[in-house]
Amino acid sequence: MNDEDKNKNENEDLRVVEDDFEPEAAEKLKKIKNELKECRKKAAEFLAGWQRAKADLINARKDEEKNREAMAKYANERMAREILNVLDSLDQAVAEPSLEEKWKTGFQYIRNQLMQIIRGYGVGVIESVGQKFSPEEHESVAEEDAPEAEQDQIVLQELQKGYRMHDKVLRPAKVKIGIYKNKN
């Protein structure tokens with residue numbers, strides 16, 4: 001039996017009893033019934049408020065959990081940014097033509113170790129050359145005439161690697177893009 005059915009039964013019981021009372025007692029009974037209705041109304045309001053507060057608390061906990069997950073996911077961002085500078089230096093050392101081969105091999109080994117470490121933290125290289133220019137992932141520092149329309153806004157050369165941590169760009173790649181100029 002639900003609350004509405006209970007209320008109907010109680011009201012019917014009170015009506016039957018009310019007819020058996022004298023006018024003074026009937027008036028008191030009517031007053032008590034009104035007070036009971038008010039109490040039930042307030043109880044329903046309090047219950048609804050409590051249920052809303054409980055739902056708000058559950059939603060707040062879910063939001064807090066999402067925030068905690070995001071914070072944990074990107075907690076090592078500062079460390080990763082600092083390592084990127086070391087990787088850049090190693091890339092420059094390996095690219096140096098006058099460097100002896102055994103030194104290049106050593107630097108390449110160190111670079112690979114650093115890359116393995118930062119991959120473990122969700123950091124990866126943004127692929128650029130041959131890709132369509134994307135302002136979220138690339139920073140255009142130079143332009144070059146593109147001989148064909150298909151090369152318009154295509155990255156022709158990467159001047160500095162870009163990196164992303166999970167789905168967030170840590171540093172955009174510095175690139176040279178092709179610009180097609182119609183000669184007609």
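The values are calculated or read from the model by the stated rules, or taken from the named source; none is laboratory data. Keep in mind the model is a prediction, meaning the values are calculated, not measured. Cβ sites come from the backbone with ideal geometry, for glycine too, and all protein chains shown count toward neighbours.
Can you spot a residue in the range 146-154 that is of a type in the set (Val, Ile, Thr) and surrounded by fewer than 17 Cβ atoms within 10 Å (Cβ to Cβ)? Write out each step before concluding.
Step one: filter the range 146-154 for residues of a type in the set (Val, Ile, Thr), giving 154.
From what's left, surrounded by fewer than 17 Cβ atoms within 10 Å (Cβ to Cβ): none.
No: zero hits.
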- prompt: Got a sec? Which of Glu137, Glu158, Glu127 is surrounded by 15 or more Cβ atoms within 10 Å (Cβ to Cβ) and within 27 Å of the chain's Cα centre (by Cα)?
  reply: Glu137
field: Pairs with Cβ under 6 Å, 6+ apart, first in the range 149-160 and under 27 Å from Ala95 (Cα atoms) and assigned by TED's automatic domain parsing to the domain that holds Gly130, second in a strand (DSSP E or B) and among the acidic types (Asp, Glu)
entry: Leu156/Glu144
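Would you check if Glu100 is farther than 19 Å from Gly120 by Cα, exposed (fewer than 14 other Cβ atoms within 10 Å of the Cβ), assigned by TED's automatic domain parsing to the domain that holds Gly122 and acidic (Asp, Glu)? I'd like the intermediate steps shown before the answer.
Working: farther than 19 Å from Gly120 by Cα: yes; exposed (fewer than 14 other Cβ atoms within 10 Å of the Cβ): yes; assigned by TED's automatic domain parsing to the domain that holds Gly122: yes; acidic (Asp, Glu): yes.
For Glu100, the condition - farther than 19 Å from Gly120 by Cα, exposed (fewer than 14 other Cβ atoms within 10 Å of the Cβ), assigned by TED's automatic domain parsing to the domain that holds Gly122 and acidic (Asp, Glu) - is met.
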query: Among (1) surrounded by 10 or more Cβ atoms within 10 Å (Cβ to Cβ); (2) assigned by TED's automatic domain parsing to the domain that holds Lys176; (3) modelled with pLDDT of 90 or more, where does Asp56 come up short?
result: (2)
